Amino acid sequence: MREAVEKKVLGENDRVASALRLRFRERGILCVNLISSPGSGKTTLLERTLAALPRDSAVAVLTGDIQTDNDAQRLARFGFPVRQITTGGTCHLDARMIERALDALPLAESSLLFVENVGNLVCPASYDLGEAEKIVLLSVAEGEDKPLKYPGIFHRASLMVLTKTDLLPHVEFDAAAAKENARRIHPQIEIIELSCRTGDGFDQWVAWLGAKGRQYRAEIAAPAR
């Protein structure tokens, strides 16, 4: 019975996500879904990213949390459209939440839409939000075996961002093992090592976003075969 209910819920979510994906493609909006454990640095990475962008960039953010709008307040300081999604206990965002939030979020054509998911490596992996890319963050304050413990999200993500690398001299974390574990789950996963505190790796992150945006819009513009 429980499996049947879960299958029905995910089926309905996939239906809404498919409609969102079409909506994004029709408007050239690149949606990226950031997923990680709590405290891995999603909001800090978004803060630094928004601070680095020209003020006239077509960028918006949806940020999810179980309670409070703290993250939305932090991100709104940079002048881009931001909307908080408060789940009230649900450990992930779903496609219907994104659909409702978009109604109150001004999105220009050819925008970059960041979705900051609820801090959790399990549930968000199963819920398609219509995004073009899933990005998983892993901080060096966690265990290098996280990709093996939570393979679902590492299998589905196209990019792993290894965050807080400035702490490597102070923590027992094997970065090489973490990357090897991620590639055991997903051999093609891209990996960026990054510190928001020092800026190391940040240019690579911005370049990755730019390249994905160009690739995405080129695919949309290509004539159907």
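The values are calculated or read from the model by the stated rules, or taken from the named source; none is laboratory data. Just so it is clear, the model here is predicted, and its values are computed rather than measured. Neighbour counts are summed over all protein chains in view; Cβ atoms, including those assigned to glycine, are modelled from backbone coordinates with ideal geometry.
A few points about this structure:
- Considering (1) at pLDDT 95 or above; (2) acidic (Asp, Glu); (3) over 23 Å from Arg23 (Cβ atoms), the lone condition that Glu99 does not fulfil carries the number (3).
- Odd one out for Asn120, checked against (1) of a type outside the set (Val, Ile, Thr); (2) closer than 16 Å to Arg156 by Cα; (3) touching a helix residue (DSSP H, G or I) at 6+ places or on another chain (Cβ under 8 Å); (4) outside any helix (DSSP H, G or I): (3)
- The listed residue being buried (at least 19 other Cβ atoms within 10 Å of the Cβ) and closer than 24 Å to Asp14 by Cβ, out of Leu138, Leu129: Leu129
- Some residue of segment 12-21 being of a type in the set (Lys, Arg) and modelled with pLDDT under 95: no
- Qualifying residue in segment 189-208 (condition: touching a strand residue (DSSP E or B) at 6+ places or on another chain (Cβ under 8 Å) and among the basic types (Lys, Arg)): no
- Residue in segment 151-174 that is more than 16 Å from Leu194 (Cβ to Cβ), of a type in the set (Asp, Glu) and more than 10 Å from the chain's Cα centre (by Cα) present: yes
- All conditions in (1) among the acidic types (Asp, Glu); (2) buried (at least 20 other Cβ atoms within 10 Å of the Cβ); (3) closer than 30 Å to Gln188 by Cβ hold for Asp65, with the sole exception of (3).
- Matching helices (runs of 4 or more DSSP H) fully within segment 148-225 where at least 2 residues are surrounded by 12 or more Cβ atoms within 10 Å (Cβ to Cβ) and either modelled with pLDDT under 95 or aliphatic (A, V, I, L, M) (or both): 175-185, 202-221
This table checks each residue for (1) assigned to a loop (DSSP other than H, G, I, E, B); (2) surrounded by fewer than 21 Cβ atoms within 10 Å (Cβ to Cβ); (3) touching a residue at least 12 places away in the same chain (Cβ under 8 Å).
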residue	(1), (2), (3)
Leu10	no, yes, yes
Val16	no, yes, yes
Arg21	no, yes, yes
Arg25	no, yes, yes
Pro38	yes, yes, yes
Thr44	no, yes, yes
Glu47	no, yes, yes
Ser57	yes, yes, yes
Val61	no, no, yes
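- Yes/no for Thr68 being of a type in the set (Val, Ile, Thr) and modelled with pLDDT of 95 or more: no
- For segment 103-117, a residue qualifies if it is surrounded by fewer than 21 Cβ atoms within 10 Å (Cβ to Cβ) and in contact (Cβ under 8 Å) with a residue 24 or more places away in the chain, and the qualifying residues are Leu105, Pro106, Leu107, Ala108, Glu109, Ser110.
- Output for segment 139-150, where each listed residue is under 19 Å from the mean Cα position of the chain (by Cα) and either among the acidic types (Asp, Glu) or under 24 Å from Tyr216 (Cβ atoms) (or both): Glu142
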